[in-house]
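As structure tokens, the structure follows; a few thoughts come after it.
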Amino acid sequence: MTHHLTDTLTLRHGAQLTSCIAMAPMQTHSGKRGGFVTEDTIRYYQARSQAAGLLISEFHYVSENGGPAYVPGYPEQLGAYSDEHLEGLTRLAQALKKDGNKAVLQIHHGGRAAVGRAVSGEEVVAPSAIDFTFLDYPVRELTHEEILDIIADFGRATKRAIQAGFDGVEIHGANHYLIQQFFSTLSNHRTDDWGGSLEKRMAFPLAVVKEVKRVVAEEGPKDFIIGYRISPEEIHGDAIGYTYNESTQLIAQVVKQELDYIHVVL
Ligand SMILES: Cc1cc2nc3c(=O)[nH]c(=O)nc-3n(C[C@H](O)[C@H](O)[C@H](O)COP(=O)(O)O)c2cc1C
């Protein structure tokens, strides 16, 4: 049987896509201070409402200490960490969905990459307090309680995505942000439940997936989409954060949670 990119596609939980084409998440640098959408944001997404069957928004930070990823001021990364973002999220979902395609909110925590916080003199948090040569600010190790709070924040952001009218969420587990930082031996030197063995380095990514699933089961429509984005390896010359072999083991665990799709980024 021949398949075409223009074929319709039904995802695992029933969401029907008008084509097999997806629009990748792309940061617009269009937000107001505090991660709020602007008219530019809305116009940008309205203009792309016919771009694909699955329209993935740019990354939205789920905790106040999770972003912005870049220097604050105007324009900024968008946020989904408080109910104050609901109105903008609703407008964003409406802009993307106006021509019948599915809108997915990408949810994210920057961890050490929350550069905007550093520039504002605020604390930047990460799995471990490592003195990275490529950062010109210090990072503080997250406590166990703070880790649990961030996991809950992924759930709260998912609830906001549901309330705003999005058709799904994509968990941003790639591109060196917090979820990947927990999985990487270069970024995670913890010796508690959240670091050490491969299994413990998987604990945070899997806890986020389970929390998002829990919220969707309780609050979302049956066909609500959940995706997970992953960078399949983290290798910088001789320094290896994790290998392809390890990431496939993580993917195998994520897949057991019966998500709708896995999104691979190099
Ligand atoms: C300007 C710009 C912004 C991006 N923002 C995001 C983002 O918010 N979230 C994300 O997961 N990837 C982001 N990416 C990565 C893209 O989704 C995509 O993976 C990348 O451009 C490589 O394209 P390819 O996967 O088609 O090779 C961004 C890329 C660009 C160029």
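A short reminder: the numbers here are calculations on the coordinates, not readings from a lab. Predicted model only: the values in this text are computed from it and were never measured. Please note: Cβ atoms are built from the backbone with ideal geometry, for glycine as well, and neighbour counts cover all protein chains shown.
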*Taking the options Gly121, Gly155, Gly116, name whichever one is farther than 18 Å from Val212 by Cα and more than 16 Å from the ligand (Cβ to nearest atom).*
Gly121
_Given the condition on the phi > 0 side of the Ramachandran plot, more than 16 Å from the ligand (Cβ to nearest atom) and either touching a residue at least 40 places away in the same chain (Cβ under 8 Å) or assigned to a loop (DSSP other than H, G, I, E, B) (or both), answer yes or no: does some residue in the stretch 81-89 qualify?_
no
*Scan the stretch 75-116 for residues that are of a type in the set (D, E, K, R) and touching a helix residue (DSSP H, G or I) at 6+ places or on another chain (Cβ under 8 Å) and jot them down.*
Glu76, Asp83, Arg91, Lys98, Arg112
_Among (1) surrounded by 18 or more Cβ atoms within 10 Å (Cβ to Cβ); (2) under 15 Å from Arg160 (Cα atoms); (3) more than 14 Å from the chain's Cα centre (by Cα); (4) of a type outside the set (Gly, Ala, Ser), the one test that Leu54 misses_ = (2)
*asked:* Name the single residue that is nearest to Glu84 (Cα to Cα) among those in the stretch 28-55 being among the small types (Gly, Ala, Ser), within 14 Å of the ligand (Cβ to nearest atom) and in a loop (DSSP other than H, G, I, E, B).
replied: Gly35
*For the stretch 168-225, which residues satisfy the criterion of being of a type in the set (D, E, K, R), in contact with a helix residue (DSSP H, G or I) (Cβ under 7 Å, 6 or more places away or on another chain) and within 22 Å of Glu58 (Cα to Cα)?*
Glu211
*What are the residues in the stretch 181-205 that are part of a helix (DSSP H, G or I) and either buried (at least 16 other Cβ atoms within 10 Å of the Cβ) or of a type in the set (D, E, K, R) (or both), if any?*
Gln181, Phe182, Phe183, Glu199, Lys200, Arg201, Ala203, Phe204, Pro205
_Just to verify a result, which residue in the stretch 9-27, among those that are surrounded by 17 or more Cβ atoms within 10 Å (Cβ to Cβ) and within 12 Å of the ligand (Cβ to nearest atom), is farthest from Gly227 (Cα to Cα)?_
Gln27
*Kindly provide the set of residues from the stretch 123-172 that are touching a residue at least 60 places away in the same chain (Cβ under 8 Å) and either in a strand (DSSP E or B) or touching a Gly at 6+ places or on another chain (Cβ under 6 Å) (or both), ordered by number.*
Val125, Ala126, Ile162, Gly168, Val169, Glu170, Ile171, His172
*Run Trp194 past the list (1) within 16 Å of the ligand (Cβ to nearest atom); (2) more than 19 Å from Val264 (Cβ to Cβ); (3) not β-branched (Val, Ile, Thr) and report the number of the one that doesn't hold.*
(1)
